[in-house]
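Inspection log for the structure reproduced underneath, given as structure tokens.
Only the coordinates and a few stated rules stand behind these numbers; no lab work does. Not measured: the values here are computed from a predicted model. Note that each Cβ is placed from the backbone with ideal geometry, even for glycine, and that neighbours are counted across all protein chains shown.
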Amino acid sequence: MSKRSRLASFFSPDPKPKVNVKSSAFHKKDLQKLLSDKSPFGVKESYGAIRTQLNFARKSEKCPVFAVTSMTPGDGKTINCINIAISFAKLNKRVLIIDADMRNPTVHKFFSLHAANGLSELLAGFATAVNFKTTNVDNLTVLTSGDTPPNPAELLNSEQMDKLLRLVREHFDYVFVDTPPVSLVTDATVLAQKVTGYVIVVRPGRSDLGDLKRGIGSLQALGAAISGFVCNDADDSVRNSRRAYYKSYYYKRYGYSYEQYAAAGEARDDD
Ligand SMILES: Nc1ncnc2c1ncn2[C@@H]1O[C@H](COP(=O)(O)OP(=O)(O)OP(=O)(O)O)[C@@H](O)[C@H]1O
Ligand SMILES: [Mg+2]
């Protein structure tokens, strides 16, 4: 029996998500968006600011675990989860990314890894040892999603997940969990009592104020801590405008735009 069908036969499937969660495909060009020494100053500075903020939100935990999420698909959860993790790894901290987006996993693609033999197999009890995978970034380790199971939320809500988080808290300094969007499936919210807090990615022009309020409300109703917001892909006109949700919420200006990134890259190429 294939691993996928073994996973399928073991548990009842989670209810169908409201819309297709496989919305954003990974493009090779996305690799250029990874944080590196060559990233523009503003990009490095933004992630430095996020890092500082998250250190204040760690609640004195030896190894904080931050779930990175957003309300809708394609807001930039994965790229920001990875870049925040890289910014901590650069400080010689032992950092782990767990790809808990088992429906639409992409973390492995950024590091040319295979998704299989990761989180889903471990949580379903088909693997006994945790298959940590090293990456080409010093100090950065990944636990890939594993094969897509029929019941991701059930697996994430399990005692096995608690056991895994206890184990990784012993071995790492920071853990970042990439998750699917809150408004579509419950996978991210079931971690409310398991993680230190949530980092919520907001993408101006795409994120809807109503969704955001409802999503934050449901996380808070579950007792979750909101550790911070990342304003992703905000251009100056949006940042400076008085659009609806800026009136209601205060976002730290962590965000940056890849358009700026691209422009800076082009400027470098011209040098
Ligand atoms: N600031 C940005 N500027 C330009 N492109 C961006 C920016 N942030 C994200 N993207 C692009 O948008 C796409 C979606 O990003 P990403 O996969 O990180 O989002 P996601 O929220 O994880 O999506 P999903 O909900 O499907 O998992 C990717 O191609 C990514 O490179
Ligand atoms: Mg993603």
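From most to least packed by mean Cβ count within 10 Å, the peptides 54-60, 207-213, 191-197, 92-98 give 92-98, 191-197, 207-213, 54-60. Convex hull of alpha carbon positions in segment 85-205: directionally averaged projected area 7.7 nm². For segment 78-150, the alpha-carbon radius of gyration amounts to 1.06 times the rule-of-thumb value 2.2 N^0.38 Å expected for a compact globular protein.
Label-to-label distance for Glu170 and Ser36 is 3.6 nm, based on points extended 7 Å past Cα in the beta-carbon direction. Can you compute the FRET efficiency between Ser112 and Glu45 using 1/(1 + (r/R0)^6), with r the Cβ-Cβ distance and R0 = 25 Å? Round to the nearest 0.05. According to the calculation, E is roughly 0.30. Here is the link list: Lys29/Lys59; Lys93/Lys163; Lys28/Lys133; Lys90/Lys213; Lys29/Lys62. Which ones come out longer than 29 Å on Cα distance? Check vs 29 Å cut-off fails for Lys29/Lys59; Lys90/Lys213; Lys29/Lys62.
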